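K.L.:
Sharing a structure below in structure tokens format, with a few things to ask.
The values are calculated or read from the model by the stated rules, or taken from the named source; none is laboratory data. Quantities reported herein were computed from a predicted structural model and do not represent experimental measurements. FYI the Cβ positions are ideal-geometry reconstructions off the backbone, even for glycines, and counts take in every protein chain you see. To get the accessible areas, we keep the full protein, side chains included, count just its heavy atoms, and leave off ligands, DNA and RNA. Shrake-Rupley method; radii C 1.70, N 1.55, O 1.52, S 1.80 Å.
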Amino acid sequence: QVQLVESGGGLVQAGGSLSLSCAASGRTFSNYAMGWFRQAPGKEREFVAGISRYGGGTSHADSVKGRFTISRDNAKNTVALQMNSLEPEDTAVYYCAARASYVGTLPSEYTYWGQGTQVTVSS
């Protein structure tokens, strides 16, 4: 089992920045690719960014490229999502997820999930 706990969400004005963090426990963190997903009300959960087990490879959704950056620290068992130039359309619950394989972009590919953290961007 892997336990994931997100933090760092909140309310921010458009154009602002937030940094999300996800702390993992339970298994060897470097065995897992990590992903960030988000889900807005009435919409399906969507991929935001992913990072390989040792951080050598990253992937970002087109909608966040150039604004969001995923990173990880295997010594601290954490994965972060730096979000800049936030837009109202970024408003959602953000989830981190773990997968014992390479980075995937579908929610169904991930085994472990955090409880989510709310990000609200006001216009």
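K.L.:
Please find, among GLY50, GLY16, GLY42, GLY56, the residue that is assigned to a loop (DSSP other than H, G, I, E, B) and surrounded by 13 or more Cβ atoms within 10 Å (Cβ to Cβ).
P.N.:
Working: GLY50 fails: assigned to a loop (DSSP other than H, G, I, E, B); GLY42 fails: surrounded by 13 or more Cβ atoms within 10 Å (Cβ to Cβ); GLY56 fails: surrounded by 13 or more Cβ atoms within 10 Å (Cβ to Cβ).
After ruling out the rest, the residue left standing is GLY16.
K.L.:
Tally time: how many residues in the stretch 26-50 are small (Gly, Ala, Ser) and free of Cβ contacts under 8 Å to residues at least 12 places away in the same chain? Step through it out loud before you land on a result.
P.N.:
Just the residues of the stretch 26-50 that are small (Gly, Ala, Ser), to begin with: 26, 30, 33, 35, 40, 42, 49-50.
With the extra rule that they be free of Cβ contacts under 8 Å to residues at least 12 places away in the same chain, the set shrinks to 42.
Qualifying residue count, the stretch 26-50: 1.
K.L.:
Would you please name the residue that is modelled with the lowest pLDDT, looking only at residues in the stretch 19-39 that are surrounded by fewer than 21 Cβ atoms within 10 Å (Cβ to Cβ) and small (Gly, Ala, Ser)?
P.N.:
Residues of the stretch 19-39 that are surrounded by fewer than 21 Cβ atoms within 10 Å (Cβ to Cβ), as a first pass: 19, 21, 23, 25-28, 30-31, 39.
The next check asks that each one be small (Gly, Ala, Ser); those that pass are 19, 21, 23, 25-26, 30.
Values: SER19: 98, SER21: 98, ALA23: 98, SER25: 93, GLY26: 89, SER30: 95.
The selected residue is GLY26.
K.L.:
Would you tally the residues in the stretch 74-105 being hydrophobic (A, V, I, L, M, F, W, C), under 13 Å from the mean Cα position of the chain (by Cα) and part of a loop (DSSP other than H, G, I, E, B)?
P.N.:
Here is the first cut: in the stretch 74-105, the residues hydrophobic (A, V, I, L, M, F, W, C) are 75, 79-81, 83, 86, 92-93, 96-98, 100, 103.
Filter once more, keeping what is under 13 Å from the mean Cα position of the chain (by Cα): 79-81, 83, 92-93, 96-98, 103.
From what's left, part of a loop (DSSP other than H, G, I, E, B): 103.
Qualifying residue count, the stretch 74-105: 1.
K.L.:
In the stretch 61-105, what count of residues is obtained for those that are among the aromatic types (Phe, Trp, Tyr) and surrounded by fewer than 18 Cβ atoms within 10 Å (Cβ to Cβ)?
P.N.:
Kept after step one, since they are among the aromatic types (Phe, Trp, Tyr), are these residues of the stretch 61-105: 68, 94-95, 102.
Pick out the ones that are also surrounded by fewer than 18 Cβ atoms within 10 Å (Cβ to Cβ) and you get 102.
Number satisfying all stated conditions: 1.
K.L.:
Taking into account only those residues within the stretch 106-123 that are assigned to a loop (DSSP other than H, G, I, E, B) and open to solvent by 40 Å² or more (accessible area, probe 1.4 Å), which is modelled with the lowest pLDDT? Show your work before the answer.
P.N.:
Step one: list which residues in the stretch 106-123 are assigned to a loop (DSSP other than H, G, I, E, B), which gives 106, 110-111, 114-116, 123.
If we keep only those that are open to solvent by 40 Å² or more (accessible area, probe 1.4 Å) too, we end up with 106, 111, 115, 123.
Numbers: LEU106: 96, THR111: 96, GLN115: 97, SER123: 93.
Checked the stretch 106-123; the qualifying residue modelled with the lowest pLDDT is SER123.
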